[in-house]
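A short write-up of the structure that comes next.
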Amino acid sequence: MSCKISEIKVFAGTSGKSFADKICEHLKIQLGKSYAMKFSEGNTYVKIEETVRDKDVFIVQPIALKPNDDFMELLFWIDAFKRASADSITVVMPFFSYSKADKKDEPRVSIRARVCADAIEMAGADRVITMDLHSPQIQGFFKIPVDHLLARPVLCSYMLRMGINNYVIAAPDAGFAKDARKYSLVLGVPTVIGDKQRKANNEKAEILEILGDVKGKNVIIVDDFTTSCGTLVDMAKGLKRLGCNDIYACVSHGLLQKKGLKALEDSYIKKLIVTDSINNSFTLNHPKVITISVAPLFAEVIKRIHNRESISPLFD
C-alpha cells in the first residue's frame with residue numbers, strides 16, 4: 001500500500017527570506033505565510049499565518065551575520081511548527097556559522113556546534129539540510145538525518161565558464177588541501193597548498209610557505225568561507241611573491257562586511273566568487289564579488305526529500 005505524501009510547505013526565517021524566495025521560484029510554489037519581529041527589549045516573536053497540520057515543512061534560516069539572533073529565531077520556528085502539528089520539520093540552513101566551533105581545542109571551552117545540534121533536535125526538527133560545513137564530521141553531532149550539500153559542483157561549473165587558461169587551484173592551508181584537490185580533480189589542474197599558522201584565537205593567520213609551482217600561472221584560491229578576507233589576501237601576497245599572474249578566490253560562504261571588503265579591494269585578488277548561502281547586503285553589487293546561486297540545488301533536494309527520492313545522484 002502506497003503511503004500518502006503530505007503537502008510541501010517552504011517558510012522563511014528573517015535571514016532566509018531571499019534564499020527561500022529563490023527556492024520557491026524553482027519549485028513553482030508560494031512561500032508560506034509567516035511573521036517574525038523583535039520587541040524593543042530584544043525578544044524574538046514568530047507566528048505561522050496558515051495551517052501546517054499534516055504538511056512537510058521546510059524552514060529556511062541561514063545562521064550567518066547575526067548568528068545568535070538567527071539561531072534563537074530558528075529554534076522558535078521549529079517549536080511553532082511542532083506545536084502546529086506539521087507532519088515533518090526540515091531545517092534548511094545554507095550556512096551554519098557555529099560549525100567553526102567543532103572541537104575542544106583548548107581547556108575550558110564549549111563545543112558550540114554540538115550544543116546547537118542538540119538544541120535543534122530538542123526543539124523538534126526531523127531533518128537538516130546544510131552546505132559545506134567547516135568540518136563535515138559535524139553531521140555526526142546530530143542524531144537526525146543531515147543532508148550535507150556541496151557547493152563545489154556549482155562553483156566548478158562557473159569556473160569553467162570563466163575561461164581562465166594556464167591556472168592552478170590553491171588551498172590557503174593544509175586543512176582545506178583535500179577539498180582543493182577535489183576541485184583540481186574536477187577541473188583537471190594542479191593543486192598548490194599554503195602553510196598557515198594561527199598564533200591566537202582570532203581571525204588573523206599568517207601564511208608561512210606555499211608548496212607548489214605558480215610562476216607564470218593564474219591561480220584560483222578556494223576555501224569554505226571568508227569573514228575578514230585576511231587569509232585570502234595573505235595567500236594572494238605569497239602567490240604574487242612567487243611570480244603568479246592573475247589571482248581569483250572562490251569560497252562557499254561570503255561573510256565579508258566593510259572591513260573585509262576594504263581588504264579585498266586593496267588586494268591582488270581580481271575577483272571573489274561566493275554563493276548566495278548568505279543574504280549579505282555588503283557584497284551586493286560589489287565590483288570585485290561575483291555571487292552564484294545554489295538555490296536550485298537546495299530546491300532539488302527539497303523536492304526529492306518530499307517525494308521520498310534519493311538525493312545521492314546530486315553528489316555525482
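The values are calculated or read from the model by the stated rules, or taken from the named source; none is laboratory data. The shown structure was predicted, so the numbers you read here are calculated from the model rather than taken from an experiment. Using ideal geometry, Cβ is built from the backbone for each residue, glycine included, and neighbour counts are taken over all protein chains shown.
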Note to self: Filter segment 47-66 down to the residues that are crowded, with 21+ Cβ neighbours inside 10 Å and assigned to a strand (DSSP E or B) and list them by number.
What the structure shows: ASP56, VAL57, PHE58, ILE59, VAL60, ILE63
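Residues checked against (1) hydroxyl-bearing (Ser, Thr, Tyr); (2) touching a residue at least 60 places away in the same chain (Cβ under 8 Å):
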{"site": "SER228", "(1), (2)": "yes, no"}
{"site": "VAL233", "(1), (2)": "no, no"}
{"site": "GLY243", "(1), (2)": "no, no"}
{"site": "LYS262", "(1), (2)": "no, no"}
{"site": "ASN280", "(1), (2)": "no, yes"}
{"site": "SER293", "(1), (2)": "yes, yes"}
{"site": "HIS306", "(1), (2)": "no, yes"}
Check: How many residues are closer than 17 Å to ALA64 by Cβ and not in a loop (DSSP other than H, G, I, E, B) when one looks only at segment 120-147?
Finding: 6
Next item on the list: Give me a count of the residues in segment 289-309 that are assigned to a loop (DSSP other than H, G, I, E, B) and in contact with a helix residue (DSSP H, G or I) (Cβ under 7 Å, 6 or more places away or on another chain).
Entry: 2
Margin query: Suppose we filter LYS82, LYS28, LYS55 for residues that are over 23 Å from LYS143 (Cα atoms) and either assigned by TED's automatic domain parsing to the domain that holds ASP126 or over 17 Å from the mean Cα position of the chain (by Cα) (or both); which single one remains?
Written below: LYS28
Notebook entry, point to check: Which one is modelled with the lowest pLDDT among residues in segment 164-206 that are part of a strand (DSSP E or B) and of a type in the set (S, T, N, Q)?
Noted result: GLN197
Next item on the list: Would you check if ARG53 is without any contact (Cβ under 8 Å) to a residue 24 or more places away in the chain, more than 21 Å from ALA117 (Cβ to Cβ) and among the charged types (D, E, K, R)?
Entry: no
Notebook entry, point to check: Which residue out of ILE29, ILE59 is among the β-branched types (Val, Ile, Thr), out of contact with any Pro (no Cβ under 7 Å at 6 or more places or on another chain) and more than 23 Å from ASN280 (Cβ to Cβ)?
Noted result: ILE29
Next item on the list: Please tell me if THR130 is hydroxyl-bearing (Ser, Thr, Tyr), surrounded by 15 or more Cβ atoms within 10 Å (Cβ to Cβ) and more than 21 Å from ALA249 (Cβ to Cβ).
Entry: yes
Notebook entry, point to check: Quick check: is even one residue across segment 215-224 at positive phi, polar (S, T, N, Q) and at pLDDT 95 or above?
Noted result: no
Check: Across segment 97-111, what is the total count of residues that are closer than 20 Å to PRO62 by Cα and over 22 Å from the mean Cα position of the chain (by Cα)?
Finding: 0
Item checked: Residue check for SER18: assigned to a loop (DSSP other than H, G, I, E, B) and farther than 21 Å from ARG308 by Cβ -> no
